[in-house]
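See below for the structure under consideration.
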Amino acid sequence: PAGNYSLFTIPSENEWTIILNKDTAMHGASDYKQENDLLRFKIKAEKSSRFYENFTIEISDIVQNNAVLYLIWENTQVRIKLNTTADERIMAEIKNKISQTPNDPDLLFQATKYYFETQKDLKEALGYITKAVELKNDNFYFFYQKALIEAALGDYQTAIISAQQSSELAKSKKLKDWVQKNEALIGEWSKK
């Protein structure tokens, strides 16, 4: 459950015991009471990439819904995978906000980006971006995102048309980098 916990480790050569304890007011292991443990588990130890003088806690390998908690001391480390429910909360929030304001092109665009980046239902994402483009057809990036989704769905002919529209809008705003990005995609998709 959500809350504050103290962290203890019992390192050994081949595995460490990891302990989350509910008592956060103690000062060191002398006040430790096992009956306050929330969680206790063992995890395999491995060699660290370098020497660590002090016990070190790092959170790394961060991606969309998870990360790795590293506990490292001297030449030994353990890796604890952390998973979150961020994706579930974001998806629920997207659905809720779109139901409240279904004609907000920027909201539809943001939902589209999240769906595309996390490889959610791309057909639903295409519906969102198509509606966003209908509501706000002067944004080159909307058309660019639409083209990416259409290509991901295998509809290269339509993706080329969307990329051309994005390119024209980018030209009108003198955004050469975006014109080049669109032209590169058009060239790539023309070969498919």
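Quick one: pull the percentage of alpha-carbon pairs in the chain with a separation above 23 Å.
Result for the distance tail: 61 percent.
Before anything else, pin down the relative contact order of the chain: Cα pairs under 8 Å, at least 6 apart, normalised by residue count, whole percent.
Taking the mean separation of contacting Cα pairs over the length of the chain, I get 10 percent.
Holding the Cα-Cα limit at 26 Å, pick out from K136/K191; K22/K42; K95/K173; K136/K171; K47/K120 the pairs that are longer than that.
On the way: K136/K191 30 Å; K22/K42 18 Å; K95/K173 33 Å; K136/K171 17 Å; K47/K120 37 Å.
Among K136/K191; K22/K42; K95/K173; K136/K171; K47/K120, the Cα-Cα distance tops 26 Å for K136/K191; K95/K173; K47/K120.
If you plug each phi of the range 57-64 into the Karplus form 6.51 cos²θ - 1.76 cosθ + 1.60 with θ = phi - 60°, what whole-Hz ³J(HN,Hα) values come out, in order, with x for Gly and Pro?
10, 10, 10, 8, 6, 7, 10, 2
With every protein chain left in place and a probe of 1.4 Å, what is the accessible surface of I72, to the nearest 10 Å²?
Per-residue accessible area (I72): approximately 0 Å².
What distance in nm lies between label points placed 7 Å from Cα along the C-beta direction at Y5 and T24?
1.2 nm
So for the pair L135, K174, with labels modelled 7 Å out along Cα→Cβ, what separation do we get in nm?
3.1 nm
What do you get for the angle between helix 140-152 and the principal long axis of the chain? Use alpha-carbon atoms, 0 to 90 degrees, nearest ten.
For 140-152 against the chain, the angle is about 80 degrees.
What spacing in nm lies between the two simple spin-label points modelled at D61 and N96, each 7 Å away from Cα in the Cβ direction?
3.2 nm
Hey, if you put +1 on the Cβ of every Lys and Arg and -1 on every Asp and Glu Cβ in the range 1-54, which of N4, Q34, A45 ends up farthest toward the positive end of that dipole?
Farthest towards the positive end: A45.
Which number do you get for Rg(Cα) / (2.2 N^0.38 Å) in the range 29-98?
1.56
Taking the square root of 5 times each eigenvalue of the Cα gyration tensor, what semi-axes in Å does the equivalent ellipsoid of the range 105-192 have, largest first? Could the numbers behind the result be given before it?
Details: eigenvalues 73, 52, 19 Å².
Each semi-axis is √(5λ); the values are 19, 16, 10 Å.
In whole Hz and in residue order, list the ³J(HN,Hα) couplings for the range 15-25 that follow from phi through the Karplus curve 6.51 cos²θ - 1.76 cosθ + 1.60, θ = phi - 60°; x for Gly and Pro.
7, 10, 9, 10, 10, 9, 10, 6, 8, 9, 9
The values are calculated or read from the model by the stated rules, or taken from the named source; none is laboratory data. For clarity, every value in this text was computed on a predicted model and none was experimentally measured. As a convention, Cβ positions derive from the backbone with ideal geometry for all residues, glycine included, and neighbour counts pool all protein chains shown. Areas reflect the complete protein model, heavy atoms only, side chains present, ligands, DNA and RNA absent. Shrake-Rupley method; radii C 1.70, N 1.55, O 1.52, S 1.80 Å.
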